[in-house]
Structures are given as structure tokens and as C-alpha cells.
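The values are calculated or read from the model by the stated rules, or taken from the named source; none is laboratory data. These numbers were taken from a predicted model, which means no experiment stands behind them. Counting neighbours? That spans all protein chains shown, and the Cβs are built from the backbone with ideal geometry, glycine included. Areas reflect the complete protein model, heavy atoms only, side chains present, ligands, DNA and RNA absent. Shrake-Rupley method; radii C 1.70, N 1.55, O 1.52, S 1.80 Å.
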Amino acid sequence: MIATETETYQEQYGKFLLEQTLSTPTWLSDLRQRGFKKFMGLGIPTRRIEDWRFTNIASLAGRPYHLSLPASLATSQIEELIERATLDRDFYRLVFVNGHYADEWSTLHDSPDGVVIESLVTAVRDRSAAVQKHFGRRVEFDDATFTALNTAFVSDGAFIQVPDDALVARSIHLVYLSVGDGHTVTHPRNIIHLGKNSKARVIESYLGQTSSGYFTNAVTELELDESAELDHHKLQHEQLGALHIAMTHVDQKSSSRFRSHYFSFGAALSRNEIRCALDGEQIEATLNGLYMPTGEQLMDCRTRIDHLRPHCKSYELYKGVLNDRSKGVFNGKIFVHQDAQKTDAKQSNQALLLSDDAVVNTKPQLEIYADDVRCTHGATIGELDEKALYYLRSRGIPLELARKMLIFAFANDVVLSVDVPAVRQHLESILLSSHGLPNI
């Protein structure tokens with residue numbers, strides 16, 4: 001690690017401890033200090049580290065970022081961004097501008113008894129013990145540099161707690177907006193806990209409106225108790241000059257059901273990692289993703305599923321559509337531990353290259369330490385099917401439209417897995433628009 005790479009973070013951290021607006025309990029101060037100590041020990045990753053071999057982040061992460069301040073833009077500018085992010089006005093909506101909760105832009109309808117949907121600042125102030133119980137239970141700093149950095153600077157985000165046997169009928173939409181000028185950084189932290197037999201749907205959206213490159217470093221912690229069900233969606237629409245790093249950690253108990261839907265369209269460089277711990281029997285986890293880089297964008301998608309107990313299932317499908325000189329990285333790891341007999345795990349990564357200059361590096365991994373399992377994994381990389389193009393052209397369809405139809409059909413497989421109509425329609429409109437599909 002080069003010392004100058006982390007000097008700016010060290011200076012920021014000292015100021016942060018003095019200027020933080022969150023009334024900090026001792027347990028949170030201690031956690032921040034441990035996180036920063038671990039970050040300084042790990043440093044900013046280089047390509048010499050295997051998990052970062054294809055993602056050169058040093059030049060972007062080493063910029064002299066400064067912590068974002070509450071937005072001072074005109075109301076019309078904020079409204080324009082929120083209008084772009086709005087999927088359904090009936091959703092619960094928590095809006096965060098430059099990492100700070102914005103009550104005036106948020107919408108919280110009457111929620112079922114016992115359901116908590118609020119900012120992390122409010123939760124730490126009003127229910128510190130509950131936050132501490134669910135904060136960082138399985139998020140380790142050993143190999144997660146930016147998770148440690150997020151922990152060091154954590155100040156705001158969403159806190160969602162659903163009690164046993166509760167059904168949250170409305171989707172919960174978390175909207176993160178980055179606005180203003182300059183190299184700013186935000187560290188959102190979302191903590192979501194579902195009690196036994198409860199159900200909920202959560203959507204995370206990340207957007208920006210700034211001429212300068214900014215940095216979003218987000219961490220989401222999800223806990224599902226016995227027989228809980230959660231649909232989690234993430235829509236990454238950052239500005240093209242931005243850096244987006246995110247970790248989602250999922251802790252599942254017996255008979256729970258988790259479905260993840262990740263869609264990446266923005267940022268100069270994005271890296272999204274999901275880690276699932278299947279710590280019980282009869283668990284089901286589904287991870288679906290679609291990344292569509294163009295120009296010089298680099299999109300890195302990483303998943304890790306740990307099968308820790310018997311009789312669990314996991315299904316994974318990630319697709320990439322790459323054009324121009326863009327790059328994609330996929331690394332999917334499935335670990336079947338010794339006690340995880342009767343595991344059923346399937347993983348697939350498919351990439352469509354629309355340009356001779358586009359590059360994708362894919363590495364599906366499967367490690368099995370149990371005897372009685374059924375596991376498959378694989379990856380395919382290809383171009384548009386010339387026979388299919390010829391068939392469409394022979395029916396009088398112009399070449400450009402025929403290509404877009406085939407791209408849409410390839411990508412829409414993942415979109416169709418989304419059960420929330422407003423989210424699915426939003427994604428389909430992106431795929432159908434000239435801005436959503438790569439320029440052909």
C-alpha cells in the first residue's frame with residue numbers, strides 16, 4: 001500500500017469524528033474505529049490481489065475525495081432527479097441526498113403495526129440497542145477494504161425492521177442521490193431485518209447529477225429469520241464519471257426465501273458484491289443480475305453463496321451485454337460446506353459481446369466439501385446469432401432493429417424474473433430506449 005493513497009481518508013476521518021452530527025453511542029464509536037484501523041491496514045486494493053486482478057481501482061479510489069454535505073441545489077434540480085427515480089408513488093420511499101436523509105422528499109405511508117422504516121440516524125437515536133443487535137453481525141473486514149471504510153465513516157442510511165408474521169404489502173424504495181460539484185464520497189449503510197414468517201420487497205436506486213466524478217461506497221446488511229421472504233432489487237444508474245462500490249450481505253435462517261435482482265447501467269467503474277450465508281435448512285436463494293456497460297465503462301459483479309446446512313437450494317443467473325471498449329467482470333463463488341448435504345446449486349453467467357473491443361472476464365467457482373449434492377456451474381461468451389439475424393432480416397426487419405430485438409430478448413430473461421410490475425416496466429423501458437441499449 002502506498003501511504004499517499006490513504007492520506008486523504010485519514011485526514012477526513014479525524015474531521016469526521018469531530019464534526020459528526022450523529023449522537024454516537026460508545027458501541028458505534030468503537031465499531032468505526034475498528035473499521036478504520038482495518039481499512040488502513042488493508043489499503044486500497046491493487047491488481048496484484050487476485051480478486052481485483054481485472055479491476056484497476058487505484059486511480060479512482062485514490063482521488064482526494066471529501067465527504068458530501070447536505071444538498072444546496074435548487075428544488076427543481078432535486079425534483080428532476082427524484083422524478084427519474086420514482087417507480088411507483090404508492091411505494092414507501094426514503095430519499096437520501098448526498099448521503100443524508102431528506103425527509104421533505106420521502107414518503108412514508110401508514111405501515112403495519114411494529115414495522116420500522118426510518119433513517120439510520122433516527123434509529124440510532126431512538127432504538128440504539130436494536131441497531132446494535134443487527135449491525136455488522138456477519139460483515140467481516142478481513143478481505144473487504146471498502147466495507148471497512150464504510151464502517152469507519154458510517155453515519156446514515158436506512159433501517160428497516162419487520163416483526164414476526166408481518167406482511168409489508170407496499171414495496172420499500174431507498175433512493176440515493178448524489179448532487180453538486182467536486183469529488184465527493186458517501187458511505188450509505190442499510191440495515192434490514194425480517195422476522196419469522198414475514199414478507200417484504202426492498203428496492204435500492206442510485207443516481208447522480210454532477211459534472212465531477214463522485215464515489216458511492218454502500219453496504220447493505222440483510223437478515224432473514226425462519227420462513228421470512230425478501231425480494232431485493234438494486235438499480236445502479238450513477239453518472240458516467242462516478243465510482244460505485246457496494247457490498248450486500250445476506251444472512252438466512254431455516255426455510256427463508258431470498259431473491260436478488262441487480263441491474264447495472266451507470267458509473268465509470270462499478271463493483272457490486274453479494275455474499276449469502278445459508279445458515280439453516282430448507283433455504284432458497286436466487287441471485288439474478290444484468291450489467292450493460294458501453295464506452296469505456298467497467299462493471300464488476302461478484303457473488304458468493306455459502307451453503308452451511310443441508311437441504312438448501314441456490315439459483316444464479318447473471319447476464320452481460322457489452323459494447324464499444326467496455327469491460328465486464330463476473331466472479332461467482334459457491335461453497336458447499338461439509339455439513340451441507342443434499343445441496344442443490346445452479347450457477348450460470350452469459351455474456352453478449354457487441355464489439356470486437358469489448359472484453360469480459362468470467363470466473364465461475366464451485367468448491368464442494370460434501371458428498372451428496374447436485375451442483376452445476378458454467379459460463380458462455382458469444383456474439384449475436386447470425387442465423388437469427390438472417391431470419392429477422394428475411395421477414396423485412398431492418399438490420400439495426402433486428403439487432404436490438406435480439407439484444408432485448410437476451411437481456412429481458414433477467415428482467416422477466418422481477419415480480420414488482422413497476423420495476424419490471426421501468427427496466428423494460430430502459431431496454432427499449434435508445435439510451436438503455438448500447439449504440440449499434
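In this structure, is TYR262 part of a strand (DSSP E or B), hydroxyl-bearing (Ser, Thr, Tyr), modelled with pLDDT of 95 or more and surrounded by fewer than 22 Cβ atoms within 10 Å (Cβ to Cβ)? So that I can check it myself, show each step before the final result.
Values: part of a strand (DSSP E or B): yes; hydroxyl-bearing (Ser, Thr, Tyr): yes; modelled with pLDDT of 95 or more: yes; surrounded by fewer than 22 Cβ atoms within 10 Å (Cβ to Cβ): no.
No, not satisfied.
Among LEU406, LEU427, LEU389, which is the only one that is touching a residue at least 12 places away in the same chain (Cβ under 8 Å), in a helix (DSSP H, G or I) and under 20 Å from ARG259 (Cβ atoms)?
Details: LEU406 fails: under 20 Å from ARG259 (Cβ atoms); LEU389 fails: under 20 Å from ARG259 (Cβ atoms).
When all the criteria are applied, what remains is LEU427.
Checking the conditions here, which among ALA402, ALA388, ALA345, ALA409 is buried (at least 16 other Cβ atoms within 10 Å of the Cβ) and either at pLDDT below 95 or among the charged types (D, E, K, R) (or both)? Show your work before the answer.
On the way: ALA388 fails: buried (at least 16 other Cβ atoms within 10 Å of the Cβ); ALA345 fails: either at pLDDT below 95 or among the charged types (D, E, K, R) (or both); ALA409 fails: buried (at least 16 other Cβ atoms within 10 Å of the Cβ).
Checking each option against the conditions leaves just ALA402.
Which of the residues spanning segment 176-204 are among the charged types (D, E, K, R) and at pLDDT 95 or above?
Narrowing segment 176-204 to residues among the charged types (D, E, K, R): 181, 189, 196, 199, 201, 204.
Answer for segment 176-204, where residues must be among the charged types (D, E, K, R) and at pLDDT 95 or above: ARG189, LYS196, LYS199, ARG201, GLU204.
Pairs, please: C-beta under 6 Å, at least 6 apart or cross-chain, first residue within 21 Å of ALA340 (Cβ to Cβ) and in segment 368-386, second open to solvent by 90 Å² or more (accessible area, probe 1.4 Å)?
The qualifying pairs are TYR369/GLN338; ALA370/GLN338; ASP372/LYS342.
Of all residues in segment 147-175, count the ones that are outside any loop (DSSP other than H, G, I, E, B) and open to solvent by less than 10 Å² (accessible area, probe 1.4 Å).
Taking segment 147-175 and keeping what is outside any loop (DSSP other than H, G, I, E, B), we get 147-153, 158-162, 167, 172-175.
Cutting the leftovers down to open to solvent by less than 10 Å² (accessible area, probe 1.4 Å) gives us 147-153, 158-160, 162, 172-175.
The total comes to 15.
Rundown of residues vs (1) buried (at least 20 other Cβ atoms within 10 Å of the Cβ); (2) of a type outside the set (Ser, Thr, Tyr); (3) on the phi > 0 side of the Ramachandran plot, yes/no style:
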site	(1), (2), (3)
GLY182	no, yes, yes
LYS196	no, yes, no
GLU221	yes, yes, no
THR248	yes, no, no
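Starting from segment 273-290, take each residue that is of a type outside the set (Asp, Glu) and list its partners that are in a loop (DSSP other than H, G, I, E, B) and open to solvent by less than 10 Å² (accessible area, probe 1.4 Å), counting only C-beta distances under 6 angstrom and pairs at least six apart or across chains.
Hits for this filter: LEU278/CYS312; ILE283/SER256; ILE283/CYS312.
Look through GLY320, GLY382, GLY332 and report the one residue that is surrounded by 20 or more Cβ atoms within 10 Å (Cβ to Cβ), out of contact with any helix residue (DSSP H, G or I) (no Cβ under 6 Å at 6 or more places or on another chain) and either aliphatic (A, V, I, L, M) or more than 19 Å from ALA285 (Cα to Cα) (or both). Talk me through it step by step, then tell me what you get.
Details: GLY382 fails: surrounded by 20 or more Cβ atoms within 10 Å (Cβ to Cβ); GLY332 fails: either aliphatic (A, V, I, L, M) or more than 19 Å from ALA285 (Cα to Cα) (or both).
That would be GLY320, the only listed residue that is surrounded by 20 or more Cβ atoms within 10 Å (Cβ to Cβ), out of contact with any helix residue (DSSP H, G or I) (no Cβ under 6 Å at 6 or more places or on another chain) and either aliphatic (A, V, I, L, M) or more than 19 Å from ALA285 (Cα to Cα) (or both).
Go through (1) modelled with pLDDT of 90 or more; (2) within 23 Å of the chain's Cα centre (by Cα); (3) more than 17 Å from ALA152 (Cα to Cα) and name the single condition VAL115 misses.
Condition (2) is where VAL115 drops out.
Tally the residues that are within 15 Å of the chain's Cα centre (by Cα) and closer than 30 Å to ILE44 by Cβ, restricting the search to segment 224-241.
The number of residues fulfilling the criteria is 7.
Please find, among ARG63, ARG47, the residue that is open to solvent by less than 70 Å² (accessible area, probe 1.4 Å) and either assigned to a loop (DSSP other than H, G, I, E, B) or on the phi > 0 side of the Ramachandran plot (or both).
On the way: ARG47 fails: open to solvent by less than 70 Å² (accessible area, probe 1.4 Å).
Just a single option satisfies the conditions, and that option is ARG63.
So which residues in segment 56-87 are at pLDDT 90 or above and of a type outside the set (S, T, N, Q)?
Scanning segment 56-87 gives ILE57, LEU87.
Filtering segment 119-145 down to residues that are charged (D, E, K, R) and part of a loop (DSSP other than H, G, I, E, B), which residue is farthest from the chain's Cα centre (by Cα)?
Here is the first cut: in segment 119-145, the ones charged (D, E, K, R) are 125-127, 133, 137-138, 140, 142-143.
In the following step, the residues that additionally are part of a loop (DSSP other than H, G, I, E, B) were identified as 127, 137-138, 140, 142-143.
Details: ARG127: 26, ARG137: 19, ARG138: 17, GLU140: 17, ASP142: 20, ASP143: 18 Å.
This residue is ARG127.
Give segment 86-118 a look and list any residue that's open to solvent by less than 20 Å² (accessible area, probe 1.4 Å), touching a His at 6+ places or on another chain (Cβ under 8 Å) and either assigned to a loop (DSSP other than H, G, I, E, B) or small (Gly, Ala, Ser) (or both), or say none.
Answer for segment 86-118, where residues must be open to solvent by less than 20 Å² (accessible area, probe 1.4 Å), touching a His at 6+ places or on another chain (Cβ under 8 Å) and either assigned to a loop (DSSP other than H, G, I, E, B) or small (Gly, Ala, Ser) (or both): PHE91, GLY99.
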